[in-house]
1. Of the numbered conditions (1) modelled with pLDDT of 95 or more; (2) open to solvent by less than 20 Å² (accessible area, probe 1.4 Å), Pro76 satisfies every one except a single condition; which is it?
2. Pairs please, first residue from the range 120-137 and farther than 14 Å from Phe64 by Cα, second anywhere and hydrophobic (A, V, I, L, M, F, W, C), Cβ atoms under 6 Å, 6+ apart in sequence or on different chains.
3. Output yes when any residue across the range 26-42 is of a type in the set (Phe, Trp, Tyr), modelled with pLDDT under 85 and open to solvent by 60 Å² or more (accessible area, probe 1.4 Å), and no when none is.
4. So is Val56 open to solvent by less than 50 Å² (accessible area, probe 1.4 Å), aliphatic (A, V, I, L, M), under 24 Å from Ala155 (Cα atoms) and assigned to a helix (DSSP H, G or I) or not?
5. Pairs please, first residue from the range 98-119 and within 16 Å of Leu46 (Cβ to Cβ), second anywhere and loosely packed, with under 15 Cβ neighbours inside 10 Å, Cβ atoms under 6 Å, 6+ apart in sequence or on different chains.
6. Just checking, does the range 59-72 include any residue being surrounded by 17 or more Cβ atoms within 10 Å (Cβ to Cβ), within 22 Å of Pro118 (Cα to Cα), in contact with a strand residue (DSSP E or B) (Cβ under 9 Å, 6 or more places away or on another chain) and at pLDDT 95 or above?
7. Testing Val51 on (1) outside any loop (DSSP other than H, G, I, E, B); (2) within 27 Å of Glu114 (Cβ to Cβ); (3) at pLDDT below 90, one condition comes back false. Which one is that?
Amino acid sequence: MGVLYDYFRASDHTTAVDRAIGPGGDWLRGTPLAESGADWIDAKGLDPDVVLGQLVAHAEGIPFADRQDAPELVWPEPPYPHGEPTGPDSPWDTGLVLQQLPDHWRDVLADLPEDAVPTVTAQWYEIEEVAFADPLDAEHTVLTFTALALRARTAGDHLYCRCSL
């Protein structure tokens, strides 16, 4: 199946965990984002660290390697229990990861001028980490991310990404 990424907005970590994982982090009682009332997008295989990070770098006009910030792990709560057994009762074995995107990324995407979208899309379309169906698919994805970012900023929310293995 692969790794799936859902992006959504929430006011804080607690709300994000409740929506994306389950109440209080209880992954056994979690509901799909569509049922949680979240404003979200299904981004399939577009990971936050590399693929979305490159979109933000292109939108900002800087090389990807020059980024100064990265998504922050929210759930499971760090640190990873190195050398300790985890098992089925451990959140580290659920296949779920929740990250908060930097507010700077939200703002870069929210501020992307409409006339810059074709150039940014053309640059992002060429990255090797993802194969868009065609340039229009890539442009639709850019516009979807910029719209979510704008709604998040307008509401004073942060952007989050739920990864499901």
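The values are calculated or read from the model by the stated rules, or taken from the named source; none is laboratory data. Quick caveat, the model's predicted, so the values are computed rather than measured. Because the Cβ atoms are built from the backbone with ideal geometry, glycine has one as well, and the counts that use them run over all protein chains shown. Note: accessible area is taken over every heavy atom of the protein model, side chains too, but ligands, DNA and RNA are not part of it. Shrake-Rupley method; radii C 1.70, N 1.55, O 1.52, S 1.80 Å.
1. All conditions pass for Pro76, except number (1).
2. Pairs found: Thr121/Ala138; Thr121/Val142; Tyr125/Phe132; Tyr125/Ala138; Val130/Val51; Phe132/Ala138.
3. First pass over the range 26-42, keeping only residues of a type in the set (Phe, Trp, Tyr): 27, 40.
Next, only the ones that are modelled with pLDDT under 85 stay: 27.
Restricting the remaining residues to those that are open to solvent by 60 Å² or more (accessible area, probe 1.4 Å) gives 27.
Yes, the range 26-42 contains a residue that is of a type in the set (Phe, Trp, Tyr), modelled with pLDDT under 85 and open to solvent by 60 Å² or more (accessible area, probe 1.4 Å).
4. Numbers: open to solvent by less than 50 Å² (accessible area, probe 1.4 Å): yes; aliphatic (A, V, I, L, M): yes; under 24 Å from Ala155 (Cα atoms): yes; assigned to a helix (DSSP H, G or I): yes.
The answer is yes for Val56.
5. Listed pairs, sorted by first residue: Gln99/Leu73.
6. Within the range 59-72, not a single residue is surrounded by 17 or more Cβ atoms within 10 Å (Cβ to Cβ), within 22 Å of Pro118 (Cα to Cα), in contact with a strand residue (DSSP E or B) (Cβ under 9 Å, 6 or more places away or on another chain) and at pLDDT 95 or above.
7. Only one criterion is unmet by Val51, namely (3).
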